[in-house]
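Peer 1: Here it is, the structure in full.
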Amino acid sequence: MQQKYSILVVVIILLSSLSCTTEACSLAIHDWKSVFHRKLELSSPIFPIAEASAAWRSIPEGPDSSVIWISKHSVFSYLSSAFVPVFFQLMSALNRSSHIFLTPVNLHSFWLDHIPWLALSSTDSVASLAHQKADKSFSPIIIGSDKNFLRIALFVDANSDNRCFQLVIMQQGRIRLVHANPAKPWAQELQASAFISIIFYELPLPERIMSLSLYPIAEHRAFLIDSEPLILRLLEGGALKSRPPSDYDPSSFELPEFPE
Amino acid sequence: MRFCKKFVTFLLCFFYIFTPLTTTGQSFSAIDLERLLRNHPLTKSYDHKSGRFKNTASEIIPPEKLSQQIAQLESSLSAAQAKKSEIIRSSVLNDFDAEKEEQLWDKLKTIDNTIEKQQQELAQKKQLMHTDGIPDISTVVEIIKGILRDVRIDYRKERPPNSIVINRLPRFPTPPPTLENGADGLLSFFYRGDPAKLTTYLKHAYAISLLFDASSSPILYQREGD
C-alpha cells in the first residue's frame, strides 16, 4: 500500500513539473491536415475511461459495492480494470494540486477513486446480469462495452511549415449501464468516446511536447501537460502561427476532423 | 483590297459591340430579395409591436405564464423520470425477458431523448425568469441569421452557377440628390482621384442617405465563394 502511494507521489511530482496553469495551445492557430489514420476493431476497450465517466455522470452517488464491467475482455482490459481506482486517485490528486489545470469539476466526492472494478467475460447481457443481482442486498453498477473501435490518427499543422504534429488515439464504442438499485434504478445506452491527444513539435520528446490531454475525466478534457514556455518560444521564433488576443476561440481545443 | 478592309472593319465593329454582351450577360443574374424575405415563414411570424418573432425562442413571455410553463415542465420531467424508473423496475429488476431486451433499450433511449429535451427547455425557461421573460437580443439575431441563410440557399437555386447576383432594381425611380453649390457626386472622385471631391461629397451625406431611404430594394453584390 505504501509502495503504491510512493509511486503516486512520484507521478504527481513528474506531471507537476511539466504542467502549467493555462491552456497555452490557445495562443497558436493550427491548420491540421491528416497524415495517417487507422481504424481498428477491438473486442473490448483498452482502458474503461469513457465507461467510468458515463457511470459517474449518470449515477453521481455511486454503487454501494462494486462496478461489474462486461465485455469480450482481452489481457489489456483485464489488467486495466484493476487500475481504475488508482488512476482516478491520481486524477483527484492532480486536480487538488494548485499547479495543474485538470478539470473545473470538483472531484471531492469522486467515487471512482475507491470503488473496485471487476472485469467479467460473461455471456449474459447487462440487463440479464442486473436482473440476477437485483434481489441481492448490495446493488452494483453493471456496465457493458461492445462495438468497440480504436482510431489512431496523426495530423500535421500546415501553419507551422509541417513541423507541429498532433497524435490522437481514440476509443469509440457502445456503452450500456444499469444500476440495480431497487430504490433508485437506472439504465442507459450511449455512444461513447475517449481519447488521448499529444501535440508536439517535430519529435515526440518530453521537451518538445506542447500539450498532452485526456478525455473524458469527469466529462471534461484534462490537460496533463500544457507547456506555455515552449509554445511562447515557438511563437516568438515564428515556428507557430500566433493567434491575435482578440481572436480567442474555445473550439481551438477541439480535435481535428477524422477522415472517414 | 478595299472590300477586304471594309470587311475587317465590319468584323471588328461586330465583335466590339456583341462580344462583351454575350460574355458578361452569362455572368449576371437577378434576384428579388424582398420577395424571398417576405415569403420566409419566420418573416411572417414577426411581431412589429414587440420586435420579436412569435412562437420562437425570441418571443417575450410574461413572468406569470413563464412560471406556469416551468411548473408544467417540472411535472412532465418528473413523470418521464418516474416512467423510466418503473420500466427498469418491471422489465429488468423484477422480471426480465431476454427476447424483448432490444425493444427495452429502444424504449429507454426514446425516454432519455425526451428527458434531455425537457431538461434543456427547463434550464432555458429558468434562465429566462432572471430577465422577466425577455429573451436576450441574440435570440432575434440568430433567427435573422437563419432567415438570411435560407434566403441564400433559395437564391442559389435560382441563379446560374458562377454568376454575380444583382438584386431587382428599385421599384420606383429615385431622383439623384441635389447637392449644394453644384458639387459633383462620388463618381467624380473615382474618376478624378481628387480628395477634395470626396470631402465635398461627404458634406452632403444627409442628402445622399435620402437616396438609399427611397430605394426599397438595395443592390446586392455577391462575390463568388461568399
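The values are calculated or read from the model by the stated rules, or taken from the named source; none is laboratory data. Model, not experiment: these values are computed from the prediction. Every residue, glycine among them, receives a Cβ derived from its backbone with ideal geometry; neighbour counts consider all protein chains shown. Just so you know, the surface numbers come from the protein's heavy atoms only, side chains and all, with ligands and any DNA or RNA stripped out. Shrake-Rupley method; radii C 1.70, N 1.55, O 1.52, S 1.80 Å.
Peer 1: Can you tell me the FRET efficiency between B:K203 and B:E121 if r is taken as the Cβ-Cβ distance and R0 is 60 Å, rounded to the nearest 0.05?
Peer 2: Details: r = 54 Å, r/R0 = 0.91.
That gives a FRET efficiency of 0.65.
Peer 1: Working from the pairwise distances between different alpha carbons, so that the mean of 1/r is found and then inverted, what is the stretch A:108-164's Kirkwood radius in Å? Working shown, then result.
Peer 2: Working: mean 1/r = 0.0628 Å⁻¹.
Kirkwood radius, the stretch A:108-164: 15.9 Å.
Peer 1: Another question, then. What does the net charge come to around B:S67 if you take all other residues with beta carbon closer than 11 Å to its beta carbon, with K and R at +1 and D and E at -1?
Peer 2: Numbers: positive: B:K65, B:K125, B:K126; negative: B:E64, B:E74.
Residues close to B:S67 contribute a combined charge of +1.
Peer 1: Just to be sure I understand: if you take the accessible area of chain A alone plus chain B alone and subtract the pair, with a 1.4 Å probe, what total do you get in Å², rounded to 100? Walk me through the intermediate numbers first.
Peer 2: Working: alone 13390 and 17180 Å², together 29140 Å².
Interface area, both chains combined: 1400 Å², rounded to the nearest 100.
Peer 1: Starting from 0.36 nm per residue, how many nanometres of slack lie between B:I164 and B:D194 once their C-alpha separation is accounted for? The partial results should precede the final answer.
Peer 2: Details: separation 30, 0.36 × 30 = 10.80 nm, distance 3.03 nm.
Here the answer is 7.8 nm.
Peer 1: When the chain is fully extended, how far beyond the present Cα-Cα distance does A:F258 get from A:S193, taking 0.36 nm per residue of separation? Can you show the working numbers first?
Peer 2: Values: separation 65, 0.36 × 65 = 23.40 nm, distance 1.32 nm.
Taking 0.36 nm per residue and subtracting the Cα distance, the gain is 22.1 nm.
Peer 1: So which chymotrypsin sites (Phe, Trp or Tyr not before Pro) in the stretch A:114-153 pass both tests, a DSSP loop state and at most 16 other Cβ atoms within 10 Å of the Cβ?
Peer 2: On the way: sites: A:W117, A:F138, A:F149; in loops: A:F138.
Here the chymotrypsin sites (Phe, Trp or Tyr not before Pro) that fit, given the DSSP loop and packing criteria, are A:F138.
Peer 1: Give me the percent of the accessible area of the stretch A:170-215 that comes from carbon and sulfur atoms, probe 1.4 Å, all protein chains in place.
Peer 2: Numbers: 1120 of 1780 Å².
Summing carbon and sulfur atoms, their accessible area is 63 percent of the total for the stretch A:170-215.
Peer 1: Taking R0 as 51 Å, what's the FRET efficiency between A:A183 and A:L150 from their Cβ-Cβ distance, rounded to 0.05?
Peer 2: Values: r = 38 Å, r/R0 = 0.75.
The pair A:A183/A:L150 has a calculated efficiency of 0.85.
Peer 1: Each label point is 7 Å from the Cα along the Cα-to-Cβ direction; what then is the distance between the points at A:V35 and B:R35, in nm?
Peer 2: For A:V35 paired with B:R35, the spin-label model returns 5.5 nm.
Peer 1: Counting only heavy atoms of protein chains, what accessible area per residue, in Å², does the stretch A:146-227 have with a probe of 1.4 Å?
Peer 2: On the way: 3020 Å² over 82 residues.
Value returned for the stretch A:146-227: 37 Å² of accessible area per residue.
Peer 1: What FRET efficiency would be calculated for the residue pair B:V141, A:T123, taking the C-beta separation as r and a Förster radius of 51 Å, to the nearest 0.05? Walk me through the numbers on the way to the answer.
Peer 2: Details: r = 56 Å, r/R0 = 1.10.
After rounding to 0.05, the efficiency reads 0.35.
Peer 1: Please work out the C-alpha center-to-center distance from the stretch A:157-220 to the stretch A:48-93 and express it in whole Å.
Peer 2: Each part's Cα centre sits 15 Å from the other's.
Peer 1: Given points 7 Å out from each Cα along the Cα-Cβ axis, report the B:H48 to A:V86 separation in nanometres with one decimal.
Peer 2: 7.4
Peer 1: Please report, to two decimal places, log10 I(q)/I(0) for the stretch A:103-237 at q = 0.11, 0.16 Å⁻¹ as given by the Debye formula with identical point scatterers on the Cα atoms and no solvent.
Peer 2: Evaluating at q = 0.11, 0.16 Å⁻¹ gives log10 I(q)/I(0) of -0.60, -0.94.
Peer 1: How big is the stretch B:45-157 in terms of Cα radius of gyration and Dmax, in angstroms?
Peer 2: When restricted to the Cα atoms of the stretch B:45-157, Rg and Dmax are 20.1, 59 Å.
Peer 1: Still on this structure, please answer the following. Summarise the accessible area of the stretch B:74-120 (1.4 Å probe, protein heavy atoms) by the percent that is carbon and sulfur.
Peer 2: Working: 1300 of 2910 Å².
The value for the stretch B:74-120 is 45 percent carbon and sulfur by accessible area.
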